[in-house]
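Just so it is clear, none of the values below were taken in a lab; they were calculated from the coordinates. Note that the structure is predicted; figures quoted are calculated from it, not measured. Glycine also receives a Cβ, built like all others from the backbone with ideal geometry; neighbour counts cover every protein chain displayed.
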Amino acid sequence: MTISSEFTINGELPTDAIAVDAGSEVTLALVSVAGANGIEWSIAGNDHSSRINPSIALSGSPQGATASFVMPADVGDGLGQSYRVKCEVSDGKRPASTSTTIRIVGISNTNGVVPFAAGEDFDRNAIYGWTMLMNLALSNGGLMAGLGPYADATERTAAVLIAADVGKFAIQQSDLSLWVVMAVSSGVGTWKQCTP
């Protein structure tokens with residue numbers, strides 16, 4: 001018997017990252033428990049080094065057939081959050097047959113997109129991974145921005161910005177760093193470096 005680790009998030013079978021509200025309960029459920037004799041859930045990664053991964057509570061029959069966690073609070077920086085939710089199912093035999101699925105769930109950024117998570121490859125979409133989202137970003141002037149690129153920090157901070165530029169990204173070519181506009185006041189932007 002073939003086992004499956006495919007799962008729904010809030011009742012939806014993901015074909016892309018799932019956006020949820022900060023502080024909301026996220027429910028996870030295996031599509032099928034046929035042949036399952038061991039189910040493990042974990043957070044396999046997130047979008048920023050300052051994130052604290054939420055704890056997953058197991059339930060259902062067999063234990064772990066369903067699970068849930070509370071999406072962390074939004075820190076208010078406009079960058080959103082993302083978490084790689086991993087489910088591993090085993091048939092319990094020797095040698096064991098296992099199946100692993102990872103999906104992305106999080107809070108949308110100011111552009112309405114759940115950000116990429118470290119280690120993400122085909123978690124967002126089983127066929128295209130993050131390719132479609134990156135291609136969309138590039139078609140919008142690069143990294144959903146249209147700002148820059150800037151040669152160095154002096155050029156970047158001297159740029160005259162407008163309120164609509166909040167949440168937009170730019171590359172600083174001197175060190176290939178990525179920056180996001182957090183706020184604009186009198187044409188001057190408050191920038192924050194995006195760190196992995």
> Roughly speaking, what is the stretch gain from Asn37 to Ser97, that is 0.36 nm per residue apart minus the C-alpha to C-alpha distance, in nm to one decimal?
Replying inline: 20.6 nm
> In deg cm²/dmol, rounded to 500, what helix-only [θ] at 222 nm does the chain give when every DSSP H run of at least 4 residues adds -39500 (n - 2.57) and the total is split over its residues?
Replying inline: -2000 deg cm²/dmol
>> Under 11 Å from a point placed 7 Å out from the Cα of Leu13 along the Cα-to-Cβ direction: which residues of segment 76-115 have their backbone N that close?
In response: none
> Which length gain, in nm to one decimal place, applies between Lys192 and Ser49 when the Cα-Cα distance is subtracted from 0.36 nm times their residue separation?
Replying inline: 50.0 nm
> What percent do you get for the relative contact order of segment 1-89 when only Cα pairs under 8 Å and 6+ apart count?
Replying inline: 36
> What number, in percent, do you get for the relative contact order of the chain if the mean sequence gap of Cα pairs under 8 Å and at least 6 apart is divided by its residue count?
Replying inline: 18
> How far apart, in nm, are two points set 7 Å out from the Cα along the Cα-to-Cβ line at Met134 and at Asp152?
Replying inline: 3.0
>> Give me the one-decimal nm value for the distance between modelled label points at Ser177 and Thr2, 7 Å along each residue's Cα-to-Cβ direction.
In response: 4.9
> Which three semi-axes in whole Å describe the equivalent ellipsoid of segment 141-194, each the square root of 5 times a Cα gyration tensor eigenvalue, listed largest first?
Replying inline: 16, 12, 9
> How do Met132, Met1, Met71, Met182 line up, fewest other C-beta atoms within 10 Å first?
Replying inline: Met1, Met132, Met182, Met71
>> About the Cα centre, and with charges only on the beta carbon of Lys, Arg (+1) and Asp, Glu (-1), how big is the dipole of the chain? Nearest 20 debye, please.
In response: 200
